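So the structure is just underneath, and the comments pick up after that.
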Amino acid sequence: MVRVTLGGAELAGMPRPEPAASVRLLLPTPGADVVVPAWNGNEFLLDDGTRPTIRTFTPRRLNLEALELDLDMVIHEGGIAAAWAEAAQPGKPAAISGPGRGYAIDAAASEFLLAGDQAAIPAIAQLLEHLPSAMPVRVHIELAHPDARMELPTHPRASTAWHELAPGEPPGRTLLAAVEAAQIGSDSMVWCAGEAAAMHRIRTHLFKERELPRSQATVRGYWKMIR
């Protein structure tokens, strides 16, 4: 994970995002300058009618006084965003849009279950910062490599389990197992995020097998494994 800090007067007036919200980062063609696309009401398009390369990230920290926005990005081989982050230099232009939808915390819940892979760590960190201090929280985080473990914000009633994938295991396997084994009461809230196919399996478990109301669980696909 690497942190990239964006700054500039253009951030003035940016709405403060809810926890686990999103911003979209425009990734220019390698070696080319940033070209800001036009919004046609449905999608971003460049002047030639093509879609720009855009990736979505959690706005980890927005400091409107310093006009800075931090993005925590997973570095992995072959990733377009990872290559951009590794090549980023002070003063290099970037373009973002947002923030997008976040997560409205239900303070009346009896407890929270948070589950995610490495890409979800920034959002889980935000949720831990915003959840009431008296709220019991169970956290499950899946790591593709043990070195990816990070320090999380302190929450007085949070318990955290780190799950390491064995080589060759599909992403999300340990998260699905953790969610399947979890006790989820009628007034518990569930938040999960990670690889898209894994999140589909978790949705199936929660909404079809357990028959949880849709209002009780939020499950988001953050990225897609290309096989």
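The values are calculated or read from the model by the stated rules, or taken from the named source; none is laboratory data. Values in this document were obtained by computation on a predicted structure and should not be read as measured data. Here the Cβ is made from the backbone with ideal geometry for all residues, glycine too, and neighbour counts use every protein chain on show. Calculation scope for accessible area: heavy atoms of the full protein, side chains included, ligands and nucleic acids excluded. Shrake-Rupley method; radii C 1.70, N 1.55, O 1.52, S 1.80 Å.
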Over the range 46-84, the set of residues touching a strand residue (DSSP E or B) at 6+ places or on another chain (Cβ under 8 Å), open to solvent by less than 50 Å² (accessible area, probe 1.4 Å), outside any strand (DSSP E or B) and closer than 20 Å to M225 by Cα is T58, A81, A82, W84
For the range 206-227, which positions are in contact with a helix residue (DSSP H, G or I) (Cβ under 6 Å, 6 or more places away or on another chain) and either surrounded by fewer than 15 Cβ atoms within 10 Å (Cβ to Cβ) or closer than 19 Å to G79 by Cβ (or both)? G221, Y222, W223, K224
Under 8 Å between Cβ atoms, which residue pairs at least 6 apart in sequence (or on different chains) link something in the range 150-174 that is of a type in the set (K, R) with a partner that is loosely packed, with under 14 Cβ neighbours inside 10 Å and modelled with pLDDT of 95 or more? R157/S133; R157/A134
Taking the range 89-121, which residues are under 13 Å from L25 (Cα atoms) and either without any contact (Cβ under 8 Å) to a residue 12 or more places away in the chain or assigned to a loop (DSSP other than H, G, I, E, B) (or both)? P93, A94, G98, P99, G100
Top-ranked residue of the range 88-139 - restricted to ones that are among the hydroxyl-bearing types (S, T, Y) and within 19 Å of V179 (Cβ to Cβ), ranked as surrounded by the most Cβ atoms within 10 Å (Cβ to Cβ): Y103
Any residue in the range 143-166 that is surrounded by fewer than 20 Cβ atoms within 10 Å (Cβ to Cβ), of a type in the set (K, R), on the phi < 0 side of the Ramachandran plot and not in a loop (DSSP other than H, G, I, E, B)? no
The range 12-22 - residue that is hydrophobic (A, V, I, L, M, F, W, C) and at pLDDT below 95 and, of those, most open to solvent (accessible area, probe 1.4 Å): A12
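Let's see how each residue does on (1) within 26 Å of E151 (Cβ to Cβ); (2) more than 21 Å from the chain's Cα centre (by Cα):
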residue: L6; (1), (2): yes, no
residue: R16; (1), (2): yes, no
residue: A21; (1), (2): yes, no
residue: L26; (1), (2): no, no
residue: W39; (1), (2): no, yes
residue: D47; (1), (2): no, yes
residue: T53; (1), (2): no, no
residue: I80; (1), (2): no, no
Sole residue being among the acidic types (D, E) and assigned to a loop (DSSP other than H, G, I, E, B), chosen from E18, E10: E18
Run down E111, E129 and say which single residue is of a type in the set (D, E) and more than 16 Å from the chain's Cα centre (by Cα). E111
Can you name the residue in the range 175-197 that is touching a residue at least 40 places away in the same chain (Cβ under 8 Å) and among the small types (G, A, S) and, of all such residues, is nearest to H140 (Cα to Cα)? A178
